[in-house]
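To keep things clear, I will list the structure first and then write my remarks on it.
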Amino acid sequence: MWPLARRSRKMTRLLFLTQSLSSNPKPISHSHTYYNYSVSRSFHNSISHLSLAFLYPIRSPAIRAFCSKPSSAVGVGSLPSMTEDISYLTQREAAEIDEILMGPLGFSVDQLMELAGLSVATSIAEVYKPSEHNRVLAICGPGNNGGDGLVAARHLNHFGYKPSVCYPKRTAKPLYTGLVTQLESLSVPFISVEDLPLDLSKDFDIIVDAMFGFSFHGSPRPPFDNLIQKLVCINNYDQTHQKSSAIVSIDIPSGWHVEGDGGAEGIKPDMLVSLTAPKLCAKKFFGPHHFLGGRFVPPSIADKYKLRLPPYPGTSMCVRIGRPAQVDISALRENYISPEFLEEQVEADPFDQFRKWFDDVVAAGLREPNAMALSTASKNGKPSSRMVLLKGFDKNGFVWYTNYESRKAHELSENPHASLLFYWDGLNRQVRVEGSVEKVSDEESDQYFHSRPRGSQIGAIVSKQSTVLPGRRVLYDQYKELEEKFSDGSIIPKPKNWGGYRLKPELFEFWQGQKSRLHDRLQYSPKEINGQQVWKIERLAP
């Protein structure tokens with residue numbers, strides 16, 4: 001419990017902060033929720049780190065590059081110098097922001113805890129795929145940092161991981177008992193400290209450190225002192241190049257001070273998921289994966305504390321801070337987990353099988369399911385490839401559209417054979433199609449051209465595909481000129497040098513990724529039986 005005098009000073013400071021953030025400040029009653037909650041919290045049961053979880057991002061061009069998708073980096077890298085452009089919070093600033101969020105801004109602890117735990121789970125999923133890092137142990141403390149870990153474990157379970165939870169100092173508060181009930185309903189096992197293995201790395205691929213948050217001070221008490229020591233031992237295994245679990249710390253590595261570190265004997269996590277903004281101690285984090293979690297505090301707080309934070313990509317709840325560590329390309333691999341792809345289960349006709357798989361991709365919501373790599377070759381056999389979009393297929397073949405004066409068009413005029421490759425990462429599937437190529441009819445090209453958005457029609461006229469341009473401005477000026485010319489809604493004529501191609505398949509291969517590189521590959525090739533053309537199905541070695 002905080003001393004009564006400190007609580008009084010906190011209320012005075014909060015009143016000032018609230019009035020400075022409001023254009024029409026009103027007297028604040030001491031009966032408000034934030035006051036009641038602050039009175040009841042203990043030094044390690046702080047909500048502060050939770051409400052810090054998600055500040056409104058400042059969209060500065062200088063830091064926009066931080067939102068690139070992370071790679072699976074290997075090893076420990078140095079702290080990127082660019083992270084100096086990111087704001088770091090002191091313990092006092094973190095506490096003040098927490099009080100504002102939990103007071104006049106109306107956030108509840110369970111809302112913030114849910115968003116914090118989701119941010120942690122999505123950060124883990126960005127780096128550690130469940131196919132290779134499936135077994136997760138969340139070690140949860142008695143406060144809100146532990147609550148974040150419980151929520152993260154639930155989300156990881158839904159993401160396809162197999163979490164277990166060690167929760168030695170449970171609280172009787174309804175919020176926490178509810179989180180436990182939710183995990184128990186999912187059959188997530190709870191493991192006592194006594195039943196944990198001596199070497200956590202033998203049983204778990206990921207350890208989530210959710211013991212203590214930024215409000216912790218002093219020395220850890222049992223059993224958390226021994227649990228922290230177990231994580232330090234994992235660091236020692238890693239230094240001797242033995243297999244070790246990846247350690248993920250929430251907001252603050254347990255045992256660290258918010259404005260310092262854990263010393264030579266402290267935890268050295270592989271991933272740190274900062275909440276709202278990194279705390280000062282994050283400057284001493286040298287692991288390969290540093291993420292920022294959450295995104296909901298309004299600009300008034302970001303402006304007041306002059307927070308410089310990277311934008312979050314798309315709808316993501318997390319964003320990588322700084323550059324990823326150097327990647328060992330030779331160590332990058334995916335151990336695919338897929339249903340078996342068996343001969344007795346496939347369609348006899350490859351067009352039907354392609355339709356079946358294509359429908360699966362559409363149903364899965366994968367981005368641009370019709371994207372395909374088109375490979376052509378000149379008359380001398382020099383190959384080239386590019387991505388194009390499939391615009392139709394049936395028993396007659398696969399259709400796409402392009403400029404008839406492009407490089408691929410010239411190569412097809414010299415060598416009318418090509419291959420298509422569809423790669424659907426989300427389903428661990430590929431399809432290769434090889435065959436001869438011919439132009440579609442003028443009527444078919446004209447019909448498709450006028451079904452496109454008017455902007456795309458104008459773009460097809462402007463682009464002399466594959467020719468050299470002096471600069472982008474040339475394209476822009478020509479586009480604006482044509483846009484104005486056809487602004488009356490008149491029909492835009494299809495260029496004579498633009499139209500479609502149809503590849504008539506002579507061979508199909510369907511590929512399904514499997515564990516240990518034992519992939520399924522089924523090939524369809526034409527064969528004549530009793531004067532009739534049929535498709536022969538053969539299994540190829542992976």
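Some points to look at:
- Positions within the range 127-153 being surrounded by fewer than 23 Cβ atoms within 10 Å (Cβ to Cβ) and among the charged types (D, E, K, R), in sequence order: Lys129, Glu132, Arg135
- Scanning the range 307-338 for residues that are free of Cβ contacts under 8 Å to residues at least 12 places away in the same chain and either farther than 30 Å from Thr90 by Cα or hydrophobic (A, V, I, L, M, F, W, C) (or both) yields a count of 3.
- Of all residue pairs spaced 6 or more apart or on separate chains, those with beta-carbon atoms under 9 Å, a first member in the range 172-194 that is farther than 19 Å from Pro223 by Cα and among the small types (Gly, Ala, Ser) and a second member that is part of a helix (DSSP H, G or I) and modelled with pLDDT of 95 or more are Ser187/Asn157.
- Residues being open to solvent by 30 Å² or more (accessible area, probe 1.4 Å) and either more than 19 Å from His410 (Cα to Cα) or touching a helix residue (DSSP H, G or I) at 6+ places or on another chain (Cβ under 7 Å) (or both) - total across the range 371-388: 2
- If the condition is being open to solvent by 10 Å² or more (accessible area, probe 1.4 Å) and without any contact (Cβ under 8 Å) to a residue 40 or more places away in the chain, then the range 117-126 contributes only Ala125.
- Residue within the range 502-510 that is over 37 Å from the mean Cα position of the chain (by Cα) and of a type outside the set (Lys, Arg) present: yes
- Residue count, the range 301-323 (criterion: open to solvent by less than 50 Å² (accessible area, probe 1.4 Å) and of a type outside the set (A, V, I, L, M, F, W, C)): 8
- Being at negative phi, among the hydrophobic types (A, V, I, L, M, F, W, C) and open to solvent by 40 Å² or more (accessible area, probe 1.4 Å) is not true of Ala409.
- Against the conditions (1) open to solvent by less than 80 Å² (accessible area, probe 1.4 Å); (2) of a type in the set (Gly, Ala, Ser); (3) in contact with a Ser or Thr (Cβ under 9 Å, 6 or more places away or on another chain), Gly489 satisfies every one except (3).
- Val437 open to solvent by less than 80 Å² (accessible area, probe 1.4 Å), under 17 Å from Met372 (Cβ atoms) and over 38 Å from the mean Cα position of the chain (by Cα): yes
- Among residues of the range 501-523 that are in contact (Cβ under 8 Å) with a residue 24 or more places away in the chain and open to solvent by 40 Å² or more (accessible area, probe 1.4 Å), those with a Cβ under 9 angstrom from a residue that is of a type in the set (A, V, I, L, M, F, W, C) and assigned to a strand (DSSP E or B), sequence gap 6+ or separate chain, pair up as Lys504/Phe398; Lys504/Val437; Glu506/Val433.
- Taking the criterion of being at pLDDT below 95 and assigned to a helix (DSSP H, G or I), the residues of the range 140-174 that qualify are Asn144, Asn145.
- Of all the listed residues (Leu183, Leu198), the sole one being out of contact with any Gly (no Cβ under 8 Å at 6 or more places or on another chain) and assigned to a helix (DSSP H, G or I) is Leu183.
- Condition met for Gly160 (open to solvent by 20 Å² or more (accessible area, probe 1.4 Å) and without any contact (Cβ under 8 Å) to a residue 40 or more places away in the chain): yes
The values are calculated or read from the model by the stated rules, or taken from the named source; none is laboratory data. Quick caveat: nothing in here was measured; it's all calculated off a predicted structure. Because the Cβ atoms are built from the backbone with ideal geometry, glycine has one as well, and the counts that use them run over all protein chains shown. Surface areas here come from the heavy atoms of the whole protein model, side chains and all, with no ligands, DNA or RNA. Shrake-Rupley method; radii C 1.70, N 1.55, O 1.52, S 1.80 Å.
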